1. How many residues does segment 62-74 hold that are more than 16 Å from TRP156 (Cβ to Cβ) and open to solvent by less than 10 Å² (accessible area, probe 1.4 Å)?
2. Inside segment 278-289, can you point out the residues that are crowded, with 21+ Cβ neighbours inside 10 Å and either in a strand (DSSP E or B) or modelled with pLDDT under 95 (or both)?
3. Scan segment 32-47 residue by residue and report those that are at pLDDT 90 or above and open to solvent by 60 Å² or more (accessible area, probe 1.4 Å).
4. Does VAL111 qualify as being open to solvent by less than 10 Å² (accessible area, probe 1.4 Å) and under 22 Å from ASN71 (Cβ atoms)?
5. Tell me, yes or no, whether segment 11-31 has at least one residue that is at pLDDT 95 or above, of a type in the set (A, V, I, L, M) and over 19 Å from LYS85 (Cβ atoms).
6. Where in segment 32-106 are the strands (runs of 3 or more DSSP E), entirely inside, with at least 1 residues that are within 23 Å of LYS117 (Cα to Cα)?
7. Kindly indicate the residue of segment 15-31 that is in contact with an Asp or Glu (Cβ under 6 Å, 6 or more places away or on another chain) and in a strand (DSSP E or B) and also surrounded by the most Cβ atoms within 10 Å (Cβ to Cβ) among those meeting that condition.
8. State which residue is surrounded by the most Cβ atoms within 10 Å (Cβ to Cβ) when the search covers only segment 155-211 and only residues that are among the basic types (Lys, Arg) and in a loop (DSSP other than H, G, I, E, B).
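The values are calculated or read from the model by the stated rules, or taken from the named source; none is laboratory data. Every value quoted in this text rests on a predicted model; they were computed, and no experiment measured them. Glycine gets a Cβ as well: all are built from the backbone with ideal geometry, and neighbour counts include every protein chain shown. Note: accessible area is taken over every heavy atom of the protein model, side chains too, but ligands, DNA and RNA are not part of it. Shrake-Rupley method; radii C 1.70, N 1.55, O 1.52, S 1.80 Å.
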Amino acid sequence: MGRCRTAFNAYSVKFSPFFEGRIAVATAQNFGIIGNGKQYVFEVTPHGAIIEVAQYDTLDGLYDCAWSEANENVLVASSGDGSIKVYDTALPPAANPVRSFKEHRHECCSVAWNTSKRDLFLSSSWDDTVKLWTLQAPASLRTFAGHTYCVYHVAWNPQQPEVFLSASGDTTVRVWDLRQPAPTLVLPAHGFEILTADWCKYNDCLLATGSVDKSIKLWDVRVPNRELLMMMGHSYAVRRVLFSPHSESLLLSCSYDMTVKLWDTASPQASQGLPLRSWDHHTEFAVGVDFSTLREGLIASAGWDESVWVWDQRGFPSP
């Protein structure tokens, strides 16, 4: 399909759940260590070109973004100052952000919108907490505490709208239920920091984790004492894992080894560290990936090389 450049290091790319060719990209200057940020919105044309639709400047780097599931023009972005910025692409750039929530005490590094309870979204932070939000309230609805180090990632269970997971540098993944006061499961999934985790879209008991230890593990929360599968195909930390919305066994990953990999977790080759596909188009850390829910096979990646790529998983990225 195509490639677009960003002024700063790209951290996250997300397909719109409403428009087939629309993507949001969160970026941070100086690798997110210090400096400004930009939130981009791009449109992929039918011919494969990627055109900028909007960009919004921030005083701090942006580490993640998520589209609203209720309003096709709204997205949120997580900021290095701990805030969550709310953007409305139907309004001019000068009118954005339309809201800014500031409760996290340290960097806000992940946001996730609920696909069923479409007014709710989550944020996670280096302050070791997860927060629940709605745009209808002036402050967070609830804070989930219990992790003892940075919470790098959050993800809603696709079939149980009250359930979500959090992945932390304290080497655990925790499963939470909005109806319960404490985690329903604390999973010591790796011996090193866990940077990412995701739920299988077709089996609400399966989740995948990715760690600084270079491995990806598959877990059944009903039998949490041992992983179902371990995949060792990356040569550096695994930054993101994401299950396909179109196939139960397909999993996308990206890593500090600069590669993006597509795995078939049901294949015998997976346990041998052999992915279905491996792409090395990034020249710096690959830190963001996404599947399009509207077009099967369409995937995207974002990297610290200030580039975002969109392509069909059966082929290869082309600029």
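1. Within segment 62-74, the first condition is being more than 16 Å from TRP156 (Cβ to Cβ), and the residues that meet it are 62-63, 71-74.
From what's left, open to solvent by less than 10 Å² (accessible area, probe 1.4 Å): 62.
Total satisfying the criteria: 1.
2. Residues satisfying the conditions are TRP279, ALA286, VAL287, GLY288, VAL289.
3. If the condition is that a residue be at pLDDT 90 or above and open to solvent by 60 Å² or more (accessible area, probe 1.4 Å), then ASN36 is the only one that fits.
4. On the way: open to solvent by less than 10 Å² (accessible area, probe 1.4 Å): yes; under 22 Å from ASN71 (Cβ atoms): yes.
Answer is yes for this residue.
5. For segment 11-31, residues at pLDDT 95 or above, of a type in the set (A, V, I, L, M) and over 19 Å from LYS85 (Cβ atoms): absent.
6. 62-67, 74-79, 83-88, 99-102
7. Selected residue: ALA26.
8. Step by step, filter segment 155-211, then rank; the result is LYS201.
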